[in-house]
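Okay, so here's the structure we're looking at.
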Amino acid sequence: MTLVGMRSVLVVLVICIAHAPARAQTAGWTDVPALVASATAPVEAELRACLKKLPASVGIIASRTKKGTAVAMPFPNVGIRGFTEEERCLMKTIAKIELPELPAGIERIYLGHTVVAAGAPAPATEAAFDAWRDPGKTVATLFDDERRTTLAACDRKPRTVRLVLDVRRDKTRVWLPAWQFHSPSGDGSTPPAQQKVKACLTKAIRGIAPPVLPRMMGELELALAISP
């Protein structure tokens, strides 16, 4: 399983939580490249053993849960063929990775890690990480108090606005998953009141131009609590 497809539409994921914790991390979300390097170090040999060819990029998803940060591999698009031996090995190994609690407002981050042969130098850090090394800080800048006030004016009640940041045509886009406006009945419809909220929020996020996400940080899912 490689990083290809990490920027595709959201899919249902199987979250595999590690049974045996990996070594405590020495880096936090203020330095994502260093965090990924330290978090994957305890399982690097196992990752190499899973892969038939090196170097290879693997996907890592960090998701917020009530018990902390769950770590999983992006769910393979297997269809009816079932998982390959390599995919099973990677899913089991990646689930052993430990990551700290995600920054405020970030619910999920899709990350990548390049596995190289033992003794080979690690790839250089992407220049795009100059703007995204500390994703919590970048998100807080993009959605400052003024922007949150604009978002809050779209609804009469407090709500959590769900947003996704991903890359299309070499630009980071910001969009609203439609499911958050659907009827509680589960029929997939959007009530008129929610249609107005959705239209207002869509207008409120227009013009936000985040820096281009690094290739090894393919997507962020945000949950911003707002109140009028």
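Since every read-out is calculated from the coordinates, none of them should be taken as a lab result. Keep in mind the model is a prediction, meaning the values are calculated, not measured. Cβ atoms come from the backbone with ideal geometry, glycine included; neighbour counts cover every protein chain shown.
Using alpha carbons only, how many degrees (0 to 90, rounded to 10) separate the axis of helix 85-94 from the longest principal axis of the chain?
Taking Cα atoms only, the helix is inclined about 70 degrees.
Please give the helix 192-205 orientation as an angle from the longest Cα principal axis of the chain, in degrees from 0 to 90, rounded to the nearest 10.
With rounding to tens, the tilt is 60 degrees.
Pairs of alpha-carbon atoms within less than 8 angstrom and 6+ residues apart define the contacts here; what relative contact order does the range 129-226 have, in percent? If you can, show how the numbers build up before the last one.
On the way: 112 pairs, mean separation 40.1, N = 98.
41 percent.
Could you compute the net charge surrounding GLN180? Neighbours are other residues with a C-beta less than 10 Å from the C-beta of GLN180; K and R count +1, D and E count -1.
Details: positive: ARG159, ARG162, LYS198; negative: none.
Neighbour charge sum, excluding GLN180 itself: +3.
Can you tell me how the chain classifies by the Cα gyration tensor, rounded, prolate or oblate, using a/c under 1.5 as the rounded cut?
Details: a/c = 2.09, a/b = 1.66, b/c = 1.26.
Since a/c reaches 1.5 and a/b is larger than b/c, the shape of the chain is classed as prolate.
Calculate, for GLU126 and LYS53, the FRET efficiency according to 1/(1 + (r/R0)^6) with r their C-beta to C-beta distance and R0 22 Å; round to the nearest 0.05. Could you put the intermediate results ahead of the total?
Values: r = 22 Å, r/R0 = 0.99.
Rounded to the nearest 0.05, the efficiency is 0.50.
Looking at the chain, which longest stretch skips every one of the trypsin sites (Lys or Arg not before Pro) that is in a DSSP loop with at most 11 other Cβ atoms within 10 Å, leaving the sites themselves out? Working shown, then result.
Working: sites that count: ARG23, LYS52, LYS53, LYS66, LYS67, ARG81, ARG156, ARG169, ARG206.
That would be 82-155.
Farthest toward the dipole's positive end in the range 129-226, which of CYS154, TRP179, LEU222, given Cβ charges of +1 (Lys, Arg) and -1 (Asp, Glu) about the Cα centre?
CYS154
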